[in-house]
Amino acid sequence: MSEPREPSFDTTIYAQAMARNLYFLGTAGSGKSTMVYAFQLWMNSQGLDCVTVNLDPGAEALLYSPDLDVRDYVNLEEVMAEQGLGPNGAQVAAADMAAMNAKELADVLETFETNYALIDTPGQIELFTFRASGPVLIDAFGREDSALVYLNDPALVKSPSGFISSVLLNATVQFRHGLPFINVLSKADLLPEPELERIVKWSLDPFALYEALFEEAATPKTLLDVEFLKSMESIGVYRRVHPVSSELTFGFEEIYSQVQQVFEGGEDLSKD
Ligand SMILES: Nc1nc2c(ncn2[C@@H]2O[C@H](COP(=O)(O)OP(=O)(O)O)[C@@H](O)[C@H]2O)c(=O)[nH]1
Ligand SMILES: [Mg+2]
């Protein structure tokens, strides 16, 4: 069994779709697919038009019915059987195959008359972020009209050092994709109110995070965490997190307002 080789992609930029593309990214299980579903319901309840796109060839049971679905182009089971790959190798090969279908997917996306495409990305963040396939799909769908919605998992950000790890990871995602970035704290319903407030405060005030780091433990690693934090702050990737619960439909107004600021400087498309 051999490691799948990354193919070379034609980097010609395809025709751009009209919709604004929101890519939901985050670690496995951070709540991307659930948020795409819940955000679509919320947008529709506000009279806002959107479509959903699934870019995860390995998605098993989705709550929403994607308007555009990569599984119609790439079948993970077939990739495993035909290429003799295990589940991880097949995910990598399938991500590359999704990118090889980028033009076809973009052509379909372009036919939707809608304002927003809510785009669900593969479970494992590295597939969309570190293989060429993510950027290839973003280009095909129209890079100009794109933003990232990054989901920070409460399981990681609830400790001060975990919060730093999450900032490092989302900084990597920001560098890799170079797109406007909306920073979400997902599954906010799982955190008691004081804990939620503490995390939001850390995201607004790095000094509060320094203090919490030293309260947590003062080890040689703490000093490293502080150095990481200082550099993230100085390069401008340290951002406020916006709590969201897909379970309780909480926080979506704020995400939508962030989206509008990214694309319109605040103008509301629903008022057209
Ligand atoms: N309590 C709670 N659970 C959530 C929320 N969003 C997602 N989940 C759960 O988290 C798990 C992973 O969600 P999923 O959307 O599949 O994550 P993905 O891998 O990032 O697409 C599932 O069991 C979801 O039911 C939320 O807002 N609140
Ligand atoms: Mg998912």
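Here, each number is a calculation from the coordinates, and none is a lab measurement. Just so you know, these numbers come straight off a predicted model, no measurement behind them. All Cβ positions, even for glycine, are placed from backbone atoms using ideal geometry, and neighbour counts span all protein chains on display.
Take the chain, connect every pair of alpha-carbon atoms lying under 10 Å apart with a spring to form a Gaussian network, then pick out the residue of L55, L248, L85 with the largest mean-square fluctuation.
Sorting by GNM fluctuation, first place goes to L248.
Taking a cut-off of 12 Å between Cα atoms, list the aspartates and glutamates near K221, but don't count ones fewer than 8 places away on the same chain.
Cross-link targets: none qualify.
For K187, list the aspartates and glutamates whose Cα falls under 19 Å from its own Cα; do not include residues on the same chain fewer than 8 positions away.
Answer for K187, where 19 Å is the Cα cut-off: D120, D153, E195, E197, E247, E253, E254, listed by chain and number.
Please check: in the Gaussian network model of the chain (C-alpha springs, under 10 Å), which one of I164, I199, I235 has the largest mean-square fluctuation.
Residue with maximal mean-square fluctuation among I164, I199, I235: I235.
Quick one: helix 102-111 against the long Cα principal axis of the chain, what's the angle to the nearest 10°, folded into 0 to 90?
90 degrees
Output ³J(HN,Hα) for the stretch 82-93: one whole-Hz value per residue in order, computed from phi by the Karplus curve 6.51 cos²θ - 1.76 cosθ + 1.60 with θ = phi - 60°, and x for Gly and Pro.
6, 9, x, 9, x, x, 6, x, 5, 4, 5, 4
Looking only at Cα atoms, what is the convex hull volume of the stretch 127-244 per residue, in Å³? Mind showing how you got there, number by number?
On the way: hull volume 12.7 nm³, N = 118.
About 108 Å³ per residue, rounded to a whole number.
For the chain, take the longest principal axis of its alpha carbons; what is the angle in degrees between that and the long axis of helix 32-45, to the nearest 10 within 0 to 90?
Its long axis makes an angle of about 80 degrees.
Compute the signed sum of charges (Lys and Arg +1, Asp and Glu -1) over the other residues within less than 11 Å, Cβ to Cβ, of L248. Write down the numbers at each step before the final one.
Details: positive: K187; negative: D189, E247.
For residues surrounding L248, the net value is -1.
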